[in-house]
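Trainee: Submitted below is the structure of interest, expressed as structure tokens.
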């Protein structure tokens, strides 16, 4: 560890000093007010009451059946989401709209040969039942399903089968993509768009309140936003690069008028990173400037954001009648230190090139910028888990100031699913359950296994995969994997 993690600070004053040394404009609330404070304040959304300000991000477990149906591992995770006490369940799971759009063989997907609608309905019902059993009202619970096509990062049978929107020579080289690989055609894109609509219809039948059209983390919908070099109707101009997103939103609205549509978006990115062979620390790929790939990247300085097009995208979402927007940054495959701030890298990763708290600050600044530009959007923030003991203090401050509407949690509820409920009840934190960002939940999938909190959840620790993950982590820590 090159930087002091939040958990090393013995009191709030010490953590606050660290936070403000990294980002002077950020701050904390000294007292977390629980259910009576900003975190417990209900939110009115289109005539629906959402009971508090905690949201659960979509988290795949890489643990579905070969038919694309949920396993018991999947169901347990969804029950935990329900029992968490959070009132906004953002997608629950990344659900692939086609078999070839899966990021892994264990991803749930739209399989015409299986009763996927029934399986999703039962998943949702188990989440709702767990929420009720934990003492929560279900009248103010809002549940969505995230719809995705993995595009460049598709691995439906375990090995890469990329479907790319354009060629980025640096990223192609990093990922081993043939420079001669054909782009996904305009006709194929329109077929994939129809699959998004079929998946949304399935979600509506299964009882979901909204669908998330996934536009983040380098997957197909997001990659199209940066497709400046792509010819034809879906590349080049900003209007062309957003055409697929606009068409999918409109088609879902036409087919499912009662279904809300949200968008999780990587609102800005940086250039791809790699591990330095000598130090193990992340460094940007060597690039020819200007770097004209990706979305929200400063072409002259690809380590910085350029907010011109992200602002245009926010305006477009408002014009499309979208209200729910989940704001993320970067990609887990290209810039994981930004997308998922962590003290420890996964087995295929690199040590953070900056204090992870600085990466958290980038997330907080990004959602602040979005709220300032488009105050009518309902924004879910990301990047909070790394804050550990001090998460609620920072989250409450951001909510109180009106910088964000919901606090999104991912890895934290894998390790400690009761975290939102404990915070709202004013109970002392269960420090031994707090996610310490060991990244084992990523190391597992990167080595062909399911995902889960192997260090802190006895359920995953006792699985055969738990021993394998520990062995891989040990080898990585010794430098055997460098």
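Read-outs: derived from the displayed coordinates by stated rules, not from any lab. Everything numeric here is computed off the predicted structure, so don't read it as measured data. For neighbour counting, all protein chains shown are included, and Cβ atoms are generated from backbone atoms with ideal geometry for every residue, glycine included.
Trainee: Where a ≥ b ≥ c are the square roots of the eigenvalues of the C-alpha gyration tensor, would you call the chain rounded, which needs a/c under 1.5, or, failing that, prolate if a/b is larger than b/c, or oblate?
Mentor: rounded
Trainee: Follow-up. Using a Förster distance of 45 Å, how high is the FRET efficiency between residue 258 and residue 14, based on the Cβ-Cβ distance and rounded to 0.05?
Mentor: The formula returns an efficiency of 0.35 here.
Trainee: Also: Tell me, 215, 334 in order of fewest to most beta-carbon neighbours within 10 Å?
Mentor: Lowest to highest Cβ neighbour count: 334, 215.
Trainee: Quick check: the distance between the Cα centres of the range 31-51 and the range 441-466, to the nearest angstrom?
Mentor: 33
Trainee: By counting other Cβ atoms within 10 Å of each Cβ, how are 424, 409 ranked from fewest to most?
Mentor: 424, 409
Trainee: Decide, for the range 213-262, between rounded, prolate and oblate: order the square roots of the alpha carbon gyration tensor eigenvalues as a ≥ b ≥ c, take rounded if a/c falls under 1.5, and otherwise choose prolate if a/b is larger than b/c, else oblate.
Mentor: Judged from the Cα gyration tensor, the range 213-262 comes out oblate (a/c at least 1.5, b/c at or above a/b).
Trainee: Report, in deg cm²/dmol and to the nearest 500, the calculated mean residue ellipticity at 222 nm for the chain, where each DSSP H run with n ≥ 4 adds -39500 (n - 2.57) and the sum is divided by the residue count.
Mentor: Computed mean residue ellipticity for the chain: -10500 deg cm²/dmol.
Trainee: Just need the relative contact order of the range 6-433 here, percent rounded to a whole number, with Cα pairs under 8 Å and 6+ apart.
Mentor: Across the range 6-433, relative contact order equals 18 percent.
Trainee: Which distance in Å, rounded to a whole number, links the C-alpha centroids of the range 350-396 and the range 68-84?
Mentor: 26
Trainee: Just check the range 278-414 against the gyration tensor rule for me: Cα atoms, a ≥ b ≥ c as the square roots of the eigenvalues, rounded for a/c under 1.5, and otherwise prolate or oblate depending on whether a/b exceeds b/c.
Mentor: Cα axes put the range 278-414 in the oblate bin.
Trainee: Continuing with the same structure: Mind checking Rg over Rh on the range 314-367, alpha carbons, Kirkwood formula for Rh?
Mentor: 1.11
Trainee: Please work out, to two decimal places, the log10 of the ratio I(q)/I(0) at q = 0.13, 0.15, 0.18, 0.19 Å⁻¹ from a Debye calculation in which every Cα of the range 323-482 carries one identical scatterer.
Mentor: Calculated log10 I(q)/I(0) at the listed q: -0.65, -0.84, -1.13, -1.22.
Trainee: How big is the Rg/Rh ratio for the range 89-160, C-alpha atoms only, Rh by Kirkwood, two decimals?
Mentor: 1.07
Trainee: Hey, fewest Cβ within 10 Å first, where do 437, 148, 442 land in order?
Mentor: With the sparsest Cβ surroundings first, the list reads 442, 437, 148.
Trainee: Against the 2.2 N^0.38 Å scaling, with N counting residues, where does the range 84-129 land? I'd like the Cα-based Rg ratio to two decimal places.
Mentor: This ratio for the range 84-129 stands at 1.28.
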